[in-house]
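These notes concern the structure reproduced below.
The values are calculated or read from the model by the stated rules, or taken from the named source; none is laboratory data. These numbers were taken from a predicted model, which means no experiment stands behind them. Note that each Cβ is placed from the backbone with ideal geometry, even for glycine, and that neighbours are counted across all protein chains shown.
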Amino acid sequence: NVTVSRQRLCPTCKGTGSSTPDDLPTCHMCNGRGVRLHLHEELAHQSSGSSRLNEAFRRFHRTGWRGFRQSVNSTCQTCDGMGYLSDKKCPTCGGLRTVLEEAPFTVTVPAGAPEGWQFAMQDEGNEHHFRPTGDVVFTVNSL
């Protein structure tokens, strides 16, 4: 028998970190999407050289867009990608969304297992909101 410490989603707040997990306000920055769209626009380079080039730059700027535009989706920093706002006052996890749990496992090592032999217990590792549950991997080491 082996005992393993692992992170589990908090059962009190259901992994939200909030003291009221069933009544969470939608994030006002991402409108509940968990991601924000950032637009970056940059004008064409203005030369520090001749005044004729600077005048041409100003003319291009008045007549239409000259430069590049880039859009990037990124995780909303206000809600940490959750899409809702948490008061982070869960009495069990203190807003961390996970709790530490001790889990007992029974592992049977086959006779003659070589040094470094590994055995995985799928979906028995740490839990996280944005990733699949991890695996617990046992490795045989001789003493």
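Taking the stretch 120-143 as the range and being under 18 Å from the mean Cα position of the chain (by Cα) and exposed (fewer than 12 other Cβ atoms within 10 Å of the Cβ) as the test, the residues that pass are Phe130, Arg131, Pro132. For the stretch 120-131, name all the residues that are over 19 Å from Gly83 (Cβ atoms) and either of a type in the set (Ser, Thr, Tyr) or part of a loop (DSSP other than H, G, I, E, B) (or both). Once the filter is applied, which keeps residues that are over 19 Å from Gly83 (Cβ atoms) and either of a type in the set (Ser, Thr, Tyr) or part of a loop (DSSP other than H, G, I, E, B) (or both), the stretch 120-131 yields Gln122, Asp123, Glu124, Gly125, Asn126.
With the structure loaded, tell me whether Ser74 is assigned to a loop (DSSP other than H, G, I, E, B), of a type in the set (S, T, N, Q) and modelled with pLDDT of 70 or more or whether it fails that test. So Ser74 does not fit the description; no.
Restricting attention to the stretch 1-38, the residues being touching a strand residue (DSSP E or B) at 6+ places or on another chain (Cβ under 7 Å), among the hydroxyl-bearing types (Ser, Thr, Tyr) and either closer than 18 Å to Glu127 by Cβ or assigned to a loop (DSSP other than H, G, I, E, B) (or both) number 2. Filtering the stretch 80-100 to residues that are part of a loop (DSSP other than H, G, I, E, B), buried (at least 16 other Cβ atoms within 10 Å of the Cβ) and in contact with a strand residue (DSSP E or B) (Cβ under 9 Å, 6 or more places away or on another chain) leaves Gly81, Gly83, Leu85, Cys93, Arg97. For the stretch 101-119, a tally of residues being surrounded by 11 or more Cβ atoms within 10 Å (Cβ to Cβ) and over 14 Å from Thr139 (Cα atoms) returns 2.
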